[in-house]
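Report on the structure given below.
Every number in this text was worked out from the coordinates using simple rules, so none of it is lab data. Being a predicted model, the structure only gives us computed values, none of them experimental. Cβ placement follows ideal geometry from the backbone for every residue including glycine, while neighbour counts extend to all protein chains displayed.
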Amino acid sequence: MPELRVNGHGYAFEGPVGRSLADVLRDDLGLTGTKVACGEGHCGACTVQLDGVPVLSCITLAHTVGGRAVTTIEGLREHPLVEAFVREDALQCGFCTPGQIVSAAALVDASPSPSREEIRHGMAGNLCRCGAYPRIEEAIATWRS
Amino acid sequence: MARLIRTEKEVEGRYEEVWTVVDEDALEQWPAGPLEVVGRPAARQDGAQRARGEARYTADVRLPGMLHAAVMRSPFAHAVARSIDVGPALTMPGIHAALSFADAEFLDAEAGFPGAAIAAVAADTIGQARAAAETIAVEWEQQTPLLDADEAVQKGRFLSEPRRYERGDLAGALTDADVVVEAEYRTQSVLHSAMETHCAVCAWEGDILVVHISTQYIWGIRDELAEHFGLPPDRVRVVCEFMGGGFGAKNGAGDYTRIAAELALRTGRPVRCALTRREESQAAGNRNATIQRLRVGARTDGRLVGLGGEFTNAVGWDGWVAGTDGPMQMLYACENVETTVYGAKLNSGPMAAFRAPGFVEGTFGLECLLDELAAKLDLDQLELRRRNHSDVDLLDGRAFSSKNLEACYRLAEPHWDRRHEVRARSDEVWKHGVGLASQIWYGGGGPPSYAWVRVGADATATVVTAMQDIGTGSRTAMAQIAAEELGLPLERVRVELGDSARGPFASISAGSSTIPSMGPAVRAAAGDAARQILEIAAQRWNCEASTLSLRGGRIVSVDGDSWPLEELLGLLEDAQILGRGARGPNPAGMRVLTFGVQVAEVAVDVETGEVRVSRVAAIHDVGRIVNPLGARSQVEGGIIQAIGHTLSEARLLDPETGIVLTQTLDAYRVPTIADVPEIVCEFVDEPDVHLTNLGAKGLGEPPIIPTAAAISNAIRDATGAAVRSVPITRDELLRALEEAHHRERVAAPSA
């Protein structure tokens, strides 16, 4: 049975080859913090990290993950970005927000004091239909304060 | 005392007369400006839950034994299914049930648009359900689709009778006018694209139908499904605690909820029906396209003498005819106005309310037309609007409950004055300019709406009401209102919402109505609880209740004594203070509207037609602001959606087949973080003294209304090009530039 290493814990999962990582996380492991909004890799809501790199879990086949460490929003709940997003009102409906935070966490890992340009470039793959973008930019720019 | 009244109820600009029972609005309005909690920025109370991925949305609901539904949809824009056989689907693995138009009367054999539902199946997994749905055999008889709105009008294919409005004598006014401007404007169809697609999970528990649904109107869903199944309304329980955006598309139950409920009934299992993004783009509603043929006549001093509009709303197969004509009738003082709106019934997906339906489209046309008039009169655009300001409602002469549009104009001046400096940044290629546009809209809410407030021995309060927070932050605003009235710090007030079985009736979250409908009910409930607390306190400390008040979590006496609230309530142990509140009536004989103005700055590359919006200043008048932090987010979000509508979004149809070509979120281009300009947000923040105990109007819709016109007018300011359709593609801009150059060439020899 294939296995996944998610937020530091090992899980075995079943199912036919071809299942997406997002479906396994949500349906098998009950980790519904990862959202699916388009299901075909266009919106970023399903973003998780594989070995620290943001990937779109809705178009990542679960069987291809192998031994790489999967980090979902459930593994980032204590990240200071969460507090920054709430403080700056960087979310409205919140459906895209877990994906935004997973992407932003990778961004600030790589660049702890990102410029506005870096934030706009690094976050352009995470759509927010409510338009919380100005606040998201502010939250990431001030995440350590 | 409860009072039975006949009152006007308005949602999204549609008025109806209804009977309603209201309680007197006994509370005096609070003074203007920031109070202890209300009027001060508050982070949303459920923010961390949402951000941490703990909030359970309908999309996350997984019930034991739950089946998944897949819907079979018409591949054709117009076709009739002569026969259907779900037999093959029933033999597929994991299948439990199927239904179709043959045995479910809410589905139709006539498919009027591509994506119309005709059958559905329920299976153990969504993959099995989709595979089975594909085996359903249908004998289609195709018909030629009608896709052109003008053609539909010529053929008389209307959704409802054309709507005509007339005051004064337009023809005479235009004959006498010093200047007349005529132009045709077009707006495209756009998709709501809420991040959470439409979805419902239905389960029969005993004799109760439980519906988990991503909705803007818990109580409307209850009533629709109760009627569908012939049940008493309270045998349907509707739950929606967290909701991933709606923007108007989630006001009704739709066929997907009926499919889930029916399949749940037939299988005895919970059934989930969730639309894919591609289904969402075809069948879940859209803002309809419009064609607007407009005329304006004015005196040389800019005073309007006549306004005329012939509007065609390309409604699609279903929906309603939104108020594209509203701004022309309501925004400016003008005695002679004639409008006609045709609702073209087409073989395209049904229209659904989308954030200020009609007014977004109609304001684009009207406010661009006014700008063309200002250019022709060589008159300052802001001054033109001031000269046509009206102090009374133009539809029937009613007084406004409050109107601070002139204050908005004053606040806009510094932003408008930037235009000289902004224009001066222009070079050979990039031209810079500034444009503005005014906003008018509803947003007064109304009764009925109810709330309860429970205060326990620990001196914390819980607001209970079965409203929904669709992402606007209304939960937090309700907590602020209750905290203010109870004199409690915000962190000692919680709000329980989202369940029709666990709270009283609450307003729809549409038509900018949640704050103005629910806020006064919550304040009344908190006020009822506060009154009881003070009555008990007066008995405990042998004084008059009228000498006591609640402040900072304490009971405060006029003579300077004060006691922590828990000292009194702690005596109660398990007893509770229960407050009850209802939304009072709207002010009789008055028109309740919202107003505003936006100023946009743009840069235009005249070689490629690229448009960049660099700054938008928004000034709105929506009465009292409850939460300045959340209010700013509403404004920013509205403007960003509007920028998408103006520059990049369009639902494109194949002109032959009517198939939606923009079904995915890469083909359909909503704005990204990289597309966002500087946004400046200001409010008049003056409570509407006539409107309820709160004086607050709604803010969900106003900010999206004037942006497209402000951007188009800024483009004219920068380049002289008159843009007359959205989205402003590079093609449209280069066309408008060419037209402007042509005008100059023609004008030059005679000059």
Worksheet, complete the sentence: the stretch B:359-393 and the stretch B:688-751 have their Cα centres apart by a whole-number Å value of 11
Worksheet, complete the sentence: What one gets for chain A as the Kirkwood radius, inverse of mean 1/r over different Cα pairs in Å, is 15.2
Worksheet item: P(r) tail for the stretch A:3-74, what percent of Cα pairs lie past 15 Å?
Response: 44
Worksheet item: Once you list every other residue whose beta carbon is under 15 Å from the beta carbon of A:His121, what net charge do they have if Lys and Arg are +1 and Asp and Glu are -1?
Response: -2
Worksheet item: Cα extents of the stretch B:361-406 along the three principal axes, largest first, in whole Å?
Response: 34, 23, 16
Practice prompt. Return the loop-located trypsin sites (Lys or Arg not before Pro) in the stretch B:694-751 (DSSP other than H, G, I, E, B) with at most 11 other Cβ atoms within 10 Å of their own Cβ; answer none if there are none.
Written response: none
Fill in: ³J(HN,Hα) computed for each position of the stretch B:495-502 - Karplus, 6.51 cos²θ - 1.76 cosθ + 1.60, integer Hz, glycine/proline x
10, 9, 9, x, 8, 5, 7, 10
Worksheet entry | D_trans [Stokes-Einstein, Kirkwood Rh over alpha-carbon pairs] for the stretch B:558-611, 4 °C, 1.567 mPa s, µm² s⁻¹ | 67
Item to complete: Along Cα→Cβ, 7 Å out, is where each label goes; now give me the distance between the ones at A:Glu78 and B:Glu16 in nm to one decimal.
Response: 5.4
Worksheet item: Once both labels are modelled 7 Å past Cα along the beta-carbon direction, what's the B:Leu572-A:Ser145 spacing in nm?
Response: 4.1
Worksheet entry | Measure of compaction for chain B (Cα Rg per 2.2 N^0.38 Å) | 1.00
Practice prompt. Grab the alpha carbons of the stretch B:196-278, take their convex hull, and tell me the volume per residue in Å³.
Written response: 84
Discussion item. What does the net charge come to around B:Glu573 if you take all other residues with beta carbon closer than 13 Å to its beta carbon, with K and R at +1 and D and E at -1?
Written reply: -3
Worksheet, complete the sentence: The base-10 log of I(q)/I(0) that the Debye equation returns for the stretch B:36-76 at q = 0.15, 0.24, 0.26 Å⁻¹, one scatterer per C-alpha, is -0.66, -0.91, -0.95
Worksheet, complete the sentence: Treating every alpha carbon of the stretch B:533-670 as one equal point scatterer without solvent, the Debye formula yields log10 I(q)/I(0) values at q = 0.12 Å⁻¹ of -0.82
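Given the Cα-Cα distance of B:Arg502 and B:Lys376 and 0.36 nm per residue of separation, how much length would full extension add, in nm?
Numbers: separation 126, 0.36 × 126 = 45.36 nm, distance 5.99 nm.
Contour length minus Cα-Cα distance gives 39.4 nm.
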Worksheet item: So what's the stretch B:1-151 giving for Cα Rg divided by 2.2 N^0.38 Å, two decimals?
Response: 1.71
Worksheet item: Each residue of the stretch B:162-174 in order: what ³J(HN,Hα) in whole Hz does its phi give by Karplus 6.51 cos²θ - 1.76 cosθ + 1.60, θ = phi - 60°, with x for Gly and Pro?
Response: x, 9, 10, 9, 8, 9, x, 10, 5, 4, x, 5, 5
Practice prompt. Quickly rank B:207-219, B:631-643 as a protection proxy: mean count of other C-beta atoms within 10 Å, highest first.
Written response: B:631-643, B:207-219
Discussion item. Would you report the distance distribution of C-alpha pairs in the stretch B:489-601 as whole percents per 5 angstrom bin, up to the bin with the largest distance?
Written reply: 2, 8, 15, 18, 14, 12, 11, 9, 6, 3, 1, 1, 0
Worksheet item: Could the peptides B:92-101, A:133-142, B:514-523 be put in order, highest first, of the mean number of other beta-carbon atoms found within 10 Å of their residues?
Response: B:514-523, A:133-142, B:92-101
Practice prompt. Taking amide H positions as placed in the peptide plane 1.01 Å from N, state which residues far from B:Gly39 in sequence (5 or more) or on other chains have amide H under 5 Å from it.
Written response: B:Asn627
Worksheet item: Can you work out ³J(HN,Hα) from phi for every residue in the stretch B:403-420, in order, using Karplus 6.51 cos²θ - 1.76 cosθ + 1.60 and θ = phi - 60°, giving whole Hz and x for Gly and Pro?
Response: 8, 10, 5, 5, 5, 4, 4, 4, 5, 7, 3, x, 6, 5, 5, 5, 4, 5
Worksheet item: Going by average Cβ neighbours within 10 Å, how do the peptides B:121-129, B:372-380 rank, with the highest at the top?
Response: B:121-129, B:372-380
Worksheet item: Amide H to amide H under 5 Å from B:Arg494: which residues, 5+ apart in sequence or cross-chain, H placed 1.01 Å off N in plane?
Response: B:Ala461, B:Thr462, B:Val463
Worksheet item: Mind checking the mean number of beta-carbon atoms from other chains within 10 Å of the Cβ atoms in A:37-50?
Response: 4
Worksheet, complete the sentence: Residue separation between B:Arg235 and B:Ser160 times 0.36 nm, minus their alpha-carbon distance, gives in nm 23.6 nm
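Over the whole of A:79-92, what's the average partner chain Cβ count within 10 Å per residue? Rounded to a whole number, please.
Across the residues of A:79-92, the mean count of other-chain Cβ atoms within 10 Å is 6.
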Worksheet item: What is the set of long-range amide H partners of B:Ala79 at a cut-off below 5 Å, with H atoms built 1.01 Å from backbone N?
Response: B:Ala111, B:Gln143
Worksheet item: Between B:Phe106 and B:Glu141, what FRET efficiency comes out of the Förster formula 1/(1 + (r/R0)^6) with R0 = 25 Å and r the beta carbon distance, rounded to 0.05?
Response: 0.70
Practice prompt. Quick one: P(r) of the stretch B:410-464 from all Cα-Cα pairs, 10 Å bins, percents rounded to integers, in order of increasing distance.
Written response: 15, 21, 15, 13, 16, 14, 5, 0
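Please work out the FRET efficiency for the pair B:Ala399 and B:Arg299, using the Cβ-Cβ distance as r and a Förster radius of 35 Å; give the result to the nearest 0.05.
It comes to 0.85.
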Practice prompt. With a bin width of 5 angstrom, please list the P(r) values of the stretch B:196-342 as percents of all Cα-Cα pairs, from the 0 bin to the one holding the largest distance.
Written response: 2, 9, 15, 15, 12, 10, 8, 8, 7, 6, 4, 2, 1, 0, 0
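Anything over 32 Å Cα to Cα? Flag those among B:Lys250/B:Lys345; B:Lys9/B:Lys403; B:Lys250/B:Lys431; A:Lys35/B:Lys9, in the order listed.
Numbers: B:Lys250/B:Lys345 21 Å; B:Lys9/B:Lys403 20 Å; B:Lys250/B:Lys431 41 Å; A:Lys35/B:Lys9 37 Å.
Where the Cα-Cα span goes over 32 Å, the pairs concerned are B:Lys250/B:Lys431; A:Lys35/B:Lys9.
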Fill in: Geometric extent, Cα atoms of the stretch A:86-145 - Rg, Dmax (angstrom)
10.3, 28
Worksheet, complete the sentence: Computed over all unlike Cα pairs, the Kirkwood hydrodynamic radius of the protein assembly as shown in Å stands at 28.6
Worksheet item: Counting partner chain Cβ atoms within 10 Å of every residue's Cβ in A:21-32, what's the average?
Response: 2
Worksheet item: So what is the relative contact order of the stretch A:3-74, in percent, for Cα pairs below 8 Å that sit 6 or more residues apart?
Response: 40
Worksheet item: Where does the protein assembly as shown land at 222 nm, in deg cm²/dmol rounded to the nearest 500, when only DSSP H runs of n ≥ 4 count, each adding -39500 (n - 2.57), divided by all residues?
Response: -8000 deg cm²/dmol
